[in-house]
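The structure under discussion appears below in the form of structure tokens.
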Amino acid sequence: MAANTVKDSSQELLGRMVASRQLSAFDAETLASKKFSSEEEILRWLANEYGLGFTTLEDVEPDRQLLSLFPARILLKEELLPLRRDNGIVEIATSRLFATQGLDALKSLTGLNLKPILAASEAIQREIKKRLGVGADTIGTLDEEKGIQVVDENAENNNLDDGAEDEASIIRFVNQVLKDAIDLRASDVHLEPFEDEFRIRYRIDGELQEVPVPPQLKQFQPAIVSRVKILSHLNIAEKRLPQDGRIKVRIDSAEVDIRVSVIPMLHGEAVVMRLLRQNSTLRGLGQIGMNTREYEHFKNVLGLPHGIILVTGPTGSGKTSTLYTALNEINDSVRKIITVEDPVEYQLKGVNQIQVNEKSGLTFARGLRSILRHDPDVILIGEIRDAETAQIAVQASLTGHLVFSTLHTNDAPGALTRLVDMGVEPYLVASSLEAVLAQRLVRVLCPHCKQPDNSANAQAFKAKLGIAADKTIFKSVGCRECRNTGFFGRQAIFEWMDTDEEIRLLILKSASTDQIRAAARRGGMTSLAEDGWRLVAQGVTTVEEVLSVTTAKEVEHSAKASGESVASIAVAK
């Protein structure tokens, strides 16, 4: 069975390579009996068969001056990458051995003698994008097209704004940026204007990464911003006030909701787009990486008939994903579940979801008051933002509803004092709040390039935190698969706090967060940092990652739990 699968995939690969003219039909027939598993293996065979060179492009640094001699549009369309000039001959990386029209066009345009070197198409596309920038082909055509005039971005009326929708190259460029961001798993796209450049950055796995762009992009800044405004139904003539909008796109059957924020800056309007994947696959509760204690406690509260369960953490820490995982766990035909969100990030079958719309007056508080008349069993509030929402949530829990929500606090004990600060009476908090889950996201080490960390600091850190000597901890390195970051994807670390009798009494006495934290730790709560060390010991992430998302106080508590001081941990850091 396995052999047939390999043969089928090999046949499919050969067919694709013949269709794209990377391979001749004769060669495909010759190779049909062999079991090649990748395009790279076939190209290596072709290079050997036809006496050509082959490169992975990993150690090749293309000559930028040489690159500037060739039209970006042809290089991108034909997947050609000039590498070096040697004795009057220019080596060009290509994956299409039998598609010669691109090389012929470059020869006629430049008069240079070109020599093909085979390389995988994915590697060529990656390097071209890195050297020329995202959308180099579309931006390059703008200089050649008639009717394009860059005008003062501060002008009251701007004809370019009105024409942006009809300008095919600008449309293609914005589409390319969005598609590139989605393919790279970016959560946000930043378009930032400066005096002499228009910078584009993607936030990938929580870190901002600059995107290479064509050098002439700055002059098309107003048109690009206007295109984004048109897509998000904003006022393209308004350049002095902040605006917020929304775009919904479909790419390869996947729907992505994009929240757009435009703010005037010193050198033009800056745009930030948050990408929310609508039909992302939710993992089960047992697959989100919780430790046994946290998992068991979370599972238990899902069976409660009423009460409030809060998930806390900063923006972008995965709170909504955790809550939806919980809802998915209890979503059945005997419960009615209603959510009030801004925006609806996941669409769950069988769950009634309400989208908050501030402009029309549908706020969290108003939505909550209305849905209580719809006889729900479970309510999800996207975020408790104000005193009114907090009061209604507490009242809903006291009248027999199970309420889930998020709150912006640094840790689990801080959620209790935050509710009191918002105006909820301490006795109401004590009687309604069942549990608080704080979480952060740490980057996961790239499985292709991570390496054991055998440094003296790493060994000292293991000893100080009680990590077994035979456990291997790893460090990030960086490779092609992870864009040289050393990380690929993220995983949550958790801090679970049940509101037991001791904590309820402390709430009634208006105790401080530190007192509540001490009581929670006596009840078995582990800090975010301690949960992070668990992932370090498992080889999932690095010490530096955990330290970057936890506070000094959390690290101090984890150090005390291991009988060490913060000073001794600082040495290992």
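The values are calculated or read from the model by the stated rules, or taken from the named source; none is laboratory data. Bear in mind that the values here come from a model prediction, so they are computed numbers and not experimental data. With ideal geometry, Cβ positions are generated from the backbone for all residues, glycine too; neighbour counts draw on all protein chains shown. Accessible surface is based on the protein model in full, side chains and every heavy atom, while ligands, DNA and RNA are left aside. Shrake-Rupley method; radii C 1.70, N 1.55, O 1.52, S 1.80 Å.
Near Ile251, the amide H atoms lying under 5 Å from its own belong to Val256; only residues 5 or more places off or on other chains count, and H is placed 1.01 Å from N. In sequence order, segment 91-97 has phi-based couplings of 7, 10, 6, 8, 10, 10, 4 Hz under the Karplus curve 6.51 cos²θ - 1.76 cosθ + 1.60, θ = phi - 60°, and Gly or Pro positions carry x.
Report the per residue volume, in Å³, of the convex hull enclosing the C-alpha atoms of segment 254-411. Let's see the in-between values first.
Numbers: hull volume 23.5 nm³, N = 158.
Hull volume over Cα atoms, normalised by residue count, gives 149 Å³.
Working from label points 7 Å from Cα in the Cα-to-Cβ sense, the Glu255 to Gln101 distance is 3.9 nm. Using a Förster radius of 51 Å, what is the FRET efficiency between Leu362 and Leu52 based on their Cβ-Cβ separation? Nearest 0.05, please. For Leu362 and Leu52, the calculated efficiency is 0.20. Cα-based radius of gyration for the chain, normalised by 2.2 N^0.38 Å, reads 1.15. Segment 324-348 and segment 480-528 have their alpha-carbon centroids 24 Å apart. Amide H to amide H, which residues 5 or more places from Ile354 or on other chains are under 5 Å from it, using H placed in the peptide plane? Residues meeting the amide H criterion: Thr339, Val340, Glu341.
The phi-based Karplus calculation (6.51 cos²θ - 1.76 cosθ + 1.60; θ = phi - 60°) puts the 3J(HN,Hα) values of segment 373-387 at 7, 9, 6, x, 9, 10, 10, 10, 9, x, 6, 8, 9, 9, 4 Hz, whole numbers, x for Gly and Pro. Length gained on full extension, Leu112 to Phe194: 25.7 nm, using 0.36 nm per residue less the C-alpha separation.
Relative intensity of segment 404-451 on a log10 scale, I(q)/I(0) at q = 0.17, 0.24, 0.26, 0.30 Å⁻¹, equals -0.57, -0.91, -1.01, -1.22, per a Debye sum over C-alpha point scatterers of equal strength in the absence of solvent. Here Lys77 sits with roughly 150 square angstrom of accessible surface, probe radius 1.4 Å. 3J(HN,Hα) along segment 424-430, derived from phi through the Karplus expression 6.51 cos²θ - 1.76 cosθ + 1.60 where θ = phi - 60°, amounts to 7, 4, x, 5, 6, 4, 4 Hz, with x in place of Gly and Pro. Label zone (Arg240, point 7 Å along Cα-to-C-beta; backbone nitrogen cut-off 18 Å) within segment 267-291: 267-270.
R0 = 35 Å: FRET efficiency of Leu66 with Ala25, Cβ-based, nearest 0.05?
Numbers: r = 34 Å, r/R0 = 0.97.
That gives a FRET efficiency of 0.55.
Maximal additional length on extending the Ala468-Gln216 stretch stands at 85.2 nm, based on 0.36 nm per residue less the C-alpha distance.
Structural descriptor for segment 225-277: relative contact order 28 percent, calculated from alpha carbon pairs under 8 angstrom and at least 6 residues apart.
Over the C-alpha atoms of segment 403-552, the Rg to Rh ratio, Rh being the Kirkwood estimate, stands at 1.09. Placing dummy labels 7 Å off each Cα toward the beta-carbon, the span from Leu282 to Asn454 is 4.6 nm.
Calculated accessible area for segment 466-550 comes out at 43 Å² per residue, all protein chains present (probe 1.4 Å; ligands, DNA, RNA ignored). Close amide H partners of Val311, meaning residues 5 or more places away or on another chain with modelled amide H under 5 Å apart, are Ser405, Thr406, Leu407, Leu437. What separates the Cα centres of segment 370-428 and segment 55-95 is a distance of 60 Å. Full extension of the segment from Gln347 to Asp500, taken as 0.36 nm per residue of separation minus the current Cα-Cα distance, would add 51.7 nm.
Place a label point 7 angstrom from the Cα of Glu329 along the Cα-to-Cβ direction, then list the residues of segment 498-524 whose backbone nitrogen is under 15 Å away. Once the point is set 7 Å along Cα→Cβ of Glu329, 498 turn out to lie under 15 Å by backbone N, inside segment 498-524.
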